[in-house]
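Here is the structure we will look at, set down as structure tokens.
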Amino acid sequence: VGLSAKPGLCRCVEACVEPFVDWGGDVSRLAFGFLVVAASVAAARPAGAETLPSAPAQAYRNNPQLNAERARGRAVDETVPQALSGYRPTVTVTADVGVQSLRQEASQSDIDGVTYPRGYGVTATQTLFNGFRTGNRTRAAESQVFAAREGLRRLKPEVLTLPVATYDPRLHYHQVRDAWIGVRPPDGR
């Protein structure tokens, strides 16, 4: 048969399939399919990080709790510039354009005319004192930013210690051994 990509697994599948080859028809295909699926499940590695140092790094990048907390922190960060906008001047620009048509009939002469009135204006306003509202809003926004950062800081150890706690040292041993030897034995360990 020889369909396996892993050394040793090919001989195992061939040995298991050989008794069913002579049956022919659907039974042999069904048995072969079952054995191929069983062999691929047995040869599959557990999902997760490859090495112990990469496990926390992968959890830090891909954890949905951390990503949600970071997004919440970015949203809270936007409240500080909004609060600081109370210190900035406001500028208002206005403009108007129009068309005016005039038609007047008199006994001696007719007056016909079109005018295009237009105008513009610029107003700048600076608040000198608003009862400490801007300062209080700024301090409140900064406190919310610090709280969001603290929430993220407290969540990180919970998320990053889980991959380390569930790390299987035997997996790392097999990776190091395979790197030195270069091949895996037929039993797949």
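A few notes on this one:
- Cα gyration tensor, region 61-104 - rounded (a/c under 1.5), prolate or oblate: oblate
- Cα centroid separation, region 51-79 to region 115-167: 19 Å.
Every number here is computed from the coordinates shown, using simple stated rules; none is lab data. Please read these numbers as outputs of a predicted model, since none were measured by experiment.
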